[in-house]
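Have a look at the structure below before the remarks.
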Amino acid sequence: RDTLEKGLLNKEKKSNAGAKPFDVVMMFKILVLQRYYGLGDSQLEYQIIDRISFKKFLGLESGDKVPDEKTVWAFREKLTNEGLVEKIFSQFNDYLNSKGLIMNEGKMIDASFTVAPRQRNTREENKKIKEGKGNDLWNDKPNKKKHKDTDARWTKKNGETFYGYKNHAKVDTKSKFIDKYKVTDASVHDSQALDDLLEEEDKGQDFHADSAYTGEDQEKVIDKYEMNNKVHEKGYRNKPLTELQKANNKKKSKIRARVEHVFGFMEQSMNGLIVKSIGIKRATGIIGLINLTYNMFRYEQVIRLNIFS
């Protein structure tokens, strides 16, 4: 509550005229519901009015005023612009650390695509966007421009085409809590976010990742943070993996595969990794809320099942 109130409430309001603002904690809880159930802004108001469970979670009674989609959008926008998503994510992780729930016995890193609304641009427009000149487009059509995402990118993986962003996550191997994350456009290679995700506190821990994180540059980063390199080895043309390397990779997979459980929960229980916003700043805010919501649900699971007791 303190973080939200200090960051969002207008302390310079000179009059009590006008509608009383909705409670900031209730608004934040609405965003948690939105992320878990994969709801659009326009669906939220209806679902809060319709579902008793939603009302109970938000502390509302029948007949209480419910925020409309514009109010939800404006709250999320301010939360993002003030950098509060990242701040609250860190604050919750500090709480997890204080409870001894982030074990720091190893880290695993992976990235998952977050799909954004596909853009219909001409070849010339797409060329300018790739060259980083997207801001020069549609200046004569401001209404059109505000619906154009010049930050998202196309990429291919395993024969599939994706458009949007990537959620790069560092996950605690033991507890499966997300420790840190980085958002990029979809074209950025998984390994390029490595230096942004690792920290001094990771020193001495095992580092697990798939073969996308192999290479001289990646090894330098892992060595820089003095971690034990447990990255899967990669075969090359005319130099396939030996039987021993394959056996070692199989052993490593038993731990590394746990990171897939994190993204699997997001895809299945949280209705997929999707953003319906424009621009990387908003996407970063939404993906941050997705990661925070995952950690909250993981916490509930850990406490209910007494996993680490």
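For this structure, a couple of remarks:
- Taking one quarter of the surface of the convex hull spanned by the alpha-carbon atoms of the stretch 81-126 gives a direction-averaged projected area of 6.1 nm².
- Derived scalar couplings ³J(HN,Hα) [the stretch 133-141; Karplus, 6.51 cos²θ - 1.76 cosθ + 1.60; whole Hz; x for Gly, Pro]: 10, x, 5, 7, 8, 6, 5, 7, 10
- Note: relative contact order over the stretch 42-130, using C-alpha pairs below 8 Å and six or more positions apart, is 18 percent.
- Taking only the alpha carbons of the stretch 69-189, we obtain Rg and Dmax values of 18.4, 55 Å in that order.
- Ranking 262, 221 from most to least accessible surface, computed with a 1.4 Å probe over the protein chains only, gives 221, 262.
- Tilt relative to the chain, helix 243-256 - C-alpha long axis, 0 to 90 degrees, to 10: 20 degrees
- The slack in the chain from residue 86 to residue 147, taken as 0.36 nm per residue of separation less the alpha-carbon distance, amounts to 19.5 nm.
- Pairwise inverse Cα distances across the chain, averaged and inverted, put the Kirkwood hydrodynamic radius at 21.6 Å.
- Degrees, to the nearest 10: 84-98 long Cα axis against longest axis of the chain: 60 degrees
- Descending Cα extents along the principal axes, the stretch 202-309, whole Å: 44, 42, 28
- A Cβ-based charge dipole, computed about the Cα centre of the chain with Lys and Arg at +1 and Asp and Glu at -1, lands at about 740 debye.
- Bins of 5 Å, starting at 0 and running to the largest distance - Cα pair percent for the stretch 1-146: 2, 7, 12, 14, 14, 14, 14, 11, 7, 5, 1, 0
- The charge dipole of the stretch 108-211, taken about the Cα centre with unit charges on the Cβ atoms of Lys, Arg (+1) and Asp, Glu (-1), comes to about 960 debye, rounded to the nearest 20.
- Separation of alpha-carbon centers, the stretch 109-175 and the stretch 220-256, rounded to whole Å: 31 Å
- Distance (nanometres) between label positions extended 7 Å along Cα→Cβ at residue 123 and residue 70: 4.3 nm
The values are calculated or read from the model by the stated rules, or taken from the named source; none is laboratory data. Fair warning: this is a prediction, and the values are worked out from it, not measured in the lab. Neighbour counts are summed over all protein chains in view; Cβ atoms, including those assigned to glycine, are modelled from backbone coordinates with ideal geometry. Ligands, DNA and RNA are excluded from the accessible area calculation, which covers all protein heavy atoms including side chains. Shrake-Rupley method; radii C 1.70, N 1.55, O 1.52, S 1.80 Å.
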